[in-house]
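Reading through the structure tokens given below for one structure.
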Amino acid sequence: MKVPAEIAVVGYDDLPLSATSEPPLTTVRQPIRRLGAQAVESLVDILYNGPQPPRHMVTTTELIVRASCGSNLSGQTD
């Protein structure tokens, strides 16, 4: 199948290769450092305070539109 002529493709994580692939991959960017920091904070809390009830954490993501989705916005760059 031809991307994006026959099928749209969207990835996740916005790895560096996403911008240089052919066609460039539309992707969802997530705050990797913030997610890592939250994981460490949770682990430290468990280590010092014992088991904790499950936590609900929300982080923001960003849609990076590139050519693989067939959008007319795909000409934009990061």
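FYI, it's all coordinate maths here, none of it is from the lab. The shown structure was predicted, so the numbers you read here are calculated from the model rather than taken from an experiment. A quick note on method: Cβ atoms are made from the backbone with ideal geometry, for glycine too, and the neighbour counts reach across all protein chains shown.
Values computed for the structure shown
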item: C-alpha long axis of helix 32-49 to longest principal axis of the chain, angle in °; result: 20 degrees
item: FRET efficiency, Ser71 to Leu43 (Cβ-Cβ, R0 25 Å, nearest 0.05); result: 0.05
item: Given the chain, longest segment not containing exposed loop trypsin sites (Lys or Arg not before Pro) (DSSP; at most 13 other Cβ within 10 Å); result: 3-54
item: Of Thr26, Gly36, Ile7, farthest towards positive along the dipole that unit charges on Lys, Arg, Asp, Glu beta carbons give region 1-44; result: Gly36
item: Residue with peak Gaussian network fluctuation, the chain [Cα springs, cutoff 10 Å], from Pro51, Pro16, Pro24; result: Pro51
item: Relative contact order for the chain, counting Cα pairs under 8 Å that sit 6 or more residues apart, in percent; result: 39 percent
item: Residue among Val28, Val65, Val44 with the largest mean-square fluctuation in a Gaussian network model of the chain, springs linking Cα atoms under 10 Å; result: Val44
item: Residue list for region 6-23, given a label point 7 angstrom along the Cα-to-Cβ vector of Leu63 and an amide N cut-off under 16 Å; result: 8-14
item: Theoretical gain in end-to-end length, Gln52 to Asp13 [0.36 nm per residue, Cα-Cα removed]; result: 11.2 nm
